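To start, the structure under review is shown below, and the notes come after it.
The values are calculated or read from the model by the stated rules, or taken from the named source; none is laboratory data. Computed from a predicted structure; not experimentally measured. All Cβ positions, even for glycine, are placed from backbone atoms using ideal geometry, and neighbour counts span all protein chains on display.
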Amino acid sequence: MRSRNPVFSRRGFSRDNGYAGFNTAPQAGGPAVATQANPYAQPTGNPYAQNPYAQQDLQYGAPPQAPATTGRMTIDDVVLRTASTLGVLIVTAALSWALLPVDDANISRSYGIGIGAALVGMVLAFVQSFKRKASPALILAYAAFEGVFLGVVSNIVDNRIADGAAMQAVIGTMAVFAGVLVAYKAGWIRVNRRFYGFVMAAALGFVLLMMVNLLFAVFGGGDGLGFRSGALGVVFGVIGIILGACFLALDFKQVEDGVAYGAPREEAWLAAFGLTLTLVWIYLEFLRLLSILNSSD
């Protein structure tokens, strides 16, 4: 199980068959005929072939909700790992906020440290994304460096651009998380292959457009193409938040599939990693949106 964020690959995704877990349900009783429907119980190319519980599902058919058995991933595992990852991120963010001042004399140094931490965190995230198994140390290290970056950026925005923006961004992120979770559990959001393809295409276009805007800003000066300032900045900020909400739905689907099909317990770390990436995305989009809105006053 991999994060469903646009820059990371997924074990359930097949070049030939698309994402195997969408629009499928494990069959209880009798052999699992459509073996490709279960991304955790494929007879060939199964990344979890060594998991005895996945093999048990292949032989007898997985129930809609796999029983809590030692070695299987459970919702509690995902909640605990996600809480640990977010806890590390919040602690390092608070420390960087307190220890890296953003007054006129120190803002350049603090901002430099924040950007350096962001680059290190990005490298760690990419290393984890290409590993076959979850590495808790890598994931927690990513959370720590990302927290330093968020703490510095939040402090700058809160103290120099928009007072209270950081807390507003946190509340906004929590509201999006809760709203998507309720909508997903109620069945208002249906995650299928069409939804997945649309979100990934939209995310790829969004990221490429932002990269082009950044290049114009670096080499041409000013705000680049203007996609991150003014009215266009507000529009693209809202689009970024909506994409983040879509990523959350994909992450919830991945967790649900992993629990239902009996993914190994260590996969809970990858679920926590994906959720953390998505929440950071949403928080930064909220923070950027609030900065634009307050700058235009």
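Of note:
- Region 56-82, subset touching a strand residue (DSSP E or B) at 6+ places or on another chain (Cβ under 9 Å) and surrounded by 21 or more Cβ atoms within 10 Å (Cβ to Cβ), residue modelled with the lowest pLDDT: Ala66
- Residue match in region 153-160 (condition: crowded, with 22+ Cβ neighbours inside 10 Å, touching a helix residue (DSSP H, G or I) at 6+ places or on another chain (Cβ under 7 Å), free of Cβ contacts under 8 Å to residues at least 60 places away in the same chain and part of a helix (DSSP H, G or I)): yes
- Residue check for Leu208: free of Cβ contacts under 8 Å to residues at least 60 places away in the same chain, in a helix (DSSP H, G or I) and surrounded by fewer than 16 Cβ atoms within 10 Å (Cβ to Cβ): yes
- Residue match in region 113-131 (condition: in contact with a Lys or Arg (Cβ under 8 Å, 6 or more places away or on another chain) and surrounded by 17 or more Cβ atoms within 10 Å (Cβ to Cβ)): yes
- Checking Glu256 against (1) surrounded by 20 or more Cβ atoms within 10 Å (Cβ to Cβ); (2) part of a helix (DSSP H, G or I); (3) at pLDDT below 95; (4) not basic (Lys, Arg), the condition it does not meet: (1)
- Selection count where residues are surrounded by fewer than 20 Cβ atoms within 10 Å (Cβ to Cβ) and over 19 Å from Gly274 (Cβ atoms), scope region 83-99: 5
- Any hit, region 91-105, residues being in a loop (DSSP other than H, G, I, E, B), modelled with pLDDT under 95 and under 24 Å from the mean Cα position of the chain (by Cα): no
- Hey, Leu293 farther than 27 Å from Ser84 by Cα and at pLDDT 90 or above or not: no
- Of all residues in region 106-117, none satisfies the criterion of being modelled with pLDDT under 95 and within 22 Å of Trp269 (Cα to Cα).
- A single entry from Ala201, Ala249 fulfils the requirement of being exposed (fewer than 14 other Cβ atoms within 10 Å of the Cβ), closer than 25 Å to Leu275 by Cα, within 22 Å of the chain's Cα centre (by Cα) and modelled with pLDDT of 90 or more: Ala201.
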